[in-house]
Protein chains: 2
Amino acid sequence: MTVKSEQTRQLVAGVALRMFREIGFAKTTMRAIAAEAGVSVGNAYYYFASKDDLVQELYLQVQADHAARAAEALEDAVDLTGRLKATLHTGLDAMAPYHRFGGDFIATAIRPTSPVNPFAAGSTAAREASLAIFRTAVEAAKPPAPKKLRSDLPELLWLCYMAVTLFWVYDTSEGQQRTRRLVDGAVPLITRGLSLVRMPGVGRILDDFLSLSRSIRS
Amino acid sequence: MTVKSEQTRQLVAGVALRMFREIGFAKTTMRAIAAEAGVSVGNAYYYFASKDDLVQELYLQVQADHAARAAEALEDAVDLTGRLKATLHTGLDAMAPYHRFGGDFIATAIRPTSPVNPFAAGSTAAREASLAIFRTAVEAAKPPAPKKLRSDLPELLWLCYMAVTLFWVYDTSEGQQRTRRLVDGAVPLITRGLSLVRMPGVGRILDDFLSLSRSIRS
């Protein structure tokens, strides 16, 4: 891509994301994006074949923002509780400008056949970027997470993050404070739960849980 | 309501639900429902102000079907594992005819502002009916569920059922066998997990989990 066309692509993406934040997903059409960006509709479609492609762009930008915020917050966080709270709170920070558009968006993304479903093939890059943030949070934690859980934990925590995101979309409290309280309350429970893994009765249930979760995902 | 108008109402509802099953939610219009039922469009609207009202009717009928199936299956189930499996499997049985329409439907219902959202005020009757099925499953179980959990357990299990339903919508395996395996694998883990509640370390985490879950829901 030439410098000029990369600039046009970023211009279109920037305008689209701003319109998503300001007037919402449903009302933002490709035509309106092109007009606002001062390019032809054909030119806008040249860079993004559909609004779905712009949603993928949105995912990637939110993930990049989340990664940058998390990297900074994780500098001061040592134990898993602190690292996980930092990771989840910075995720909420990165999504915050899009909250108004959350309901619209989730109605589009939840459909199993949607190309912007977070589990869909088209979302692989954004999903991997998001997973990598959780991997970093777990891998450098001191004390380390229980060994038998370490490889599955980032993905399980990412699924918790998807659940938190769903809760956040429904959260109409001021500044989504209710979701913040959920994170602050749930993370210590998760890490305390992990510390029980060494108890024999708990360990056996965990083994069976992990093998079930692997068999269901495969 | 007169006998005649109750008959018309049931005719319209029956036609709508059959069309939902056969051609899906998106393609079924009030106009098409009226034509198929042989009533005027105005008459159809007299009984159901919108397609959303027909979805509420669908919820209620699925819940009634689930309750009848569960009551029969619970006759032979004594322990919580058996009772919970029976409750979840009969729930899947009751929803099965609508699987094709699951994706469409969830895209409508997930929107926080949707009147057919399972957490919305308009869904209270169906939600209470569904919750009651889980309450029956828990209350008559022998041995009984741990005392400190008994009052919260039906609602927590109902939330698990919502998660299973989401998994089921995504499940494209033959006859949704993958969801059946999830139920068969997850239920014993849940009930084994409950038996750990009497261990001190686990009990304290559970207490904190319950108070968090109550504070978040209130």
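The values are calculated or read from the model by the stated rules, or taken from the named source; none is laboratory data. Bear in mind that the values here come from a model prediction, so they are computed numbers and not experimental data. So basically every Cβ, Gly included, is an ideal-geometry build from the backbone, and we count neighbours across all protein chains shown. In case anyone asks, the SASA skips ligands and DNA or RNA and just uses the protein heavy atoms, side chains included. Shrake-Rupley method; radii C 1.70, N 1.55, O 1.52, S 1.80 Å.
At a glance:
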| quantity | calculated |
| --- | --- |
| The range A:16-45, subset outside any helix (DSSP H, G or I) and among the polar types (S, T, N, Q), residue least open to solvent (accessible area, probe 1.4 Å) | A:THR28 |
| Test: B:THR87 is more than 26 Å from B:ALA107 (Cα to Cα), among the polar types (S, T, N, Q) and modelled with pLDDT of 95 or more | no |
| Among (1) buried (at least 20 other Cβ atoms within 10 Å of the Cβ); (2) of a type in the set (D, E, K, R); (3) more than 14 Å from chain A (Cβ to nearest Cβ) - the single one B:ARG111 does not satisfy | (3) |
| Per-region count, the range A:150-172, residues hydroxyl-bearing (Ser, Thr, Tyr), surrounded by 16 or more Cβ atoms within 10 Å (Cβ to Cβ) and within 11 Å of chain B (Cβ to nearest Cβ) | 1 |
| Unique residue being touching a residue at least 24 places away in the same chain (Cβ under 8 Å), surrounded by 16 or more Cβ atoms within 10 Å (Cβ to Cβ) and more than 9 Å from every other protein chain (Cβ to nearest Cβ) when the list is A:ALA132, A:ALA141 | A:ALA141 |
| Given (1) modelled with pLDDT under 95; (2) over 27 Å from A:ALA44 (Cβ atoms); (3) in a helix (DSSP H, G or I); (4) aliphatic (A, V, I, L, M), index of the condition A:ALA107 fails | (2) |
| Residue in the range A:46-61 that is surrounded by fewer than 18 Cβ atoms within 10 Å (Cβ to Cβ) and over 23 Å from A:PRO118 (Cα atoms) present | yes |
| Residue within the range A:70-84 that is in contact with a helix residue (DSSP H, G or I) (Cβ under 7 Å, 6 or more places away or on another chain) and open to solvent by 50 Å² or more (accessible area, probe 1.4 Å) present | no |
| Set B:ALA94, B:ALA125: member being open to solvent by 10 Å² or more (accessible area, probe 1.4 Å), under 29 Å from B:PHE48 (Cβ atoms) and part of a helix (DSSP H, G or I) | B:ALA125 |
| Close pairs (7 angstrom Cβ cut-off, 6 or more residues apart or separate chains): in contact (Cβ under 8 Å) with a residue 60 or more places away in the chain in the range B:27-54, crowded, with 18+ Cβ neighbours inside 10 Å anywhere | B:ASP52/B:VAL116 |
| Where B:THR81 falls short, out of the listed (1) within 25 Å of B:GLY24 (Cα to Cα); (2) in a helix (DSSP H, G or I) | (1) |
| Filter result for B:GLY175 (more than 10 Å from chain A (Cβ to nearest Cβ), open to solvent by 20 Å² or more (accessible area, probe 1.4 Å) and on the phi > 0 side of the Ramachandran plot) | yes |
| Lone unmet requirement of (1) within 9 Å of another protein chain (Cβ to nearest Cβ); (2) of a type in the set (Val, Ile, Thr); (3) under 22 Å from the mean Cα position of the chain (by Cα) for A:ILE205 | (3) |
| Every residue from the range B:63-103 that is touching a Pro at 6+ places or on another chain (Cβ under 9 Å) and under 28 Å from A:SER114 (Cα atoms) | B:GLY102, B:GLY103 |
